[in-house]
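Bear in mind that the values in this text are calculations on the coordinates, not laboratory data. Nothing here was measured: the structure is a model prediction, and the numbers come from that model. Note: ideal-geometry Cβ built from the backbone for every residue, glycine included; neighbour counts use all protein chains shown.
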Amino acid sequence: MNVKPFLDTNILVYAVAPDDHRSTVARNLIANGGVVSVQVLNEFVNVARRKLRRDWTQVEGALDLLRRLLDPPIPLTIDLHESAIALAREHRLAFYDALNVAAASRANCAVLFTEDMQDGRRMGALTIRNPFLAA
């Protein structure tokens with residue numbers, strides 16, 4: 001089992017969000033290391049550009065830092081895509097949430113940090129944790 005957690009997109013976004021009370025928690029999670037997927041990085045780029053209005057230099061700088069602090073990202077493959085479809089159907093998850101669960105499971109992570117799913121929910125060996133509940 002991987003002792004490093006899987007980090008959802010919202011963790012990365014809050015780490016760079018201005019004046020957000022969740023930023024400190026998000027930055028600490030990233031500083032402690034973890035795993036993401038290429039899909040999480042794709043979503044981060046989209047939110048950083050569209051919602052946070054970061055320019056390309058800022059986005060690329062953040063991605064460079066994330067690559068240095070986190071494990072190599074889990075690639076988005078057809079196998080991962082098909083696993084996510086099965087998880088979405090079986091556990092009644094939104095597809096992109098299921099894609100994160102599939103990637104976290106592929107990386108053998110014990111924990112997936114996200115605010116988008118039920119805290120404490122277990123799917124196989126994976127436990128969902130919302131790190132912002134106490135923040």
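Let's see if you can work this out: charge +1 on each Lys and Arg Cβ, -1 on each Asp and Glu Cβ, no other charges. What is the dipole magnitude of the chain about its Cα centre, in debye to the nearest 20?
The dipole of the chain has a size of about 120 debye.
Among Q39, V25, M1, whose Cα sits farthest toward the positive end of the charge dipole of region 1-55 (+1 at Cβ of Lys/Arg, -1 at Cβ of Asp/Glu, about the Cα centre)?
Q39
When the chain is fully extended, how far beyond the present Cα-Cα distance does L52 get from D20, taking 0.36 nm per residue of separation?
Roughly 10.3 nm would be gained on extension.
Would you give the gap between the C-alpha center of region 31-53 and the C-alpha center of region 61-134, rounded to a whole Å?
13
Expressed as an acute angle from 0 to 90° and rounded to the nearest 10, what is the orientation of the C-alpha long axis of helix 38-50 relative to the principal long axis of the chain?
Between the helix axis and the principal axis of the chain, the angle is about 40 degrees.
Quick one: angle between helix 56-69 and the longest Cα principal axis of the chain, in degrees between 0 and 90, rounded to 10, please.
50
Please state the equivalent ellipsoid semi-axes for region 84-127: what are the square roots of 5 times the Cα gyration tensor eigenvalues, largest first, in whole Å?
For region 84-127, the ellipsoid semi-axes come out as 14, 12, 9 Å.
For R92 and N42, compute 0.36 nm times the residue count separating them, minus their Cα-Cα distance, and round to one decimal in nm.
Working it through step by step, the gained length comes to 15.7 nm.
Quick check: convex hull over the Cα atoms of region 1-50, volume per residue in Å³, rounded to an integer?
Spelled out: Cα convex hull of region 1-50, divided by residues, is 66 Å³.
Near L41, within a Cβ-to-Cβ distance under 12 Å, what is the net charge of the other residues, with Lys and Arg +1 and Asp and Glu -1?
Taking every Cβ under 12 Å from that of L41, the sum is -3.
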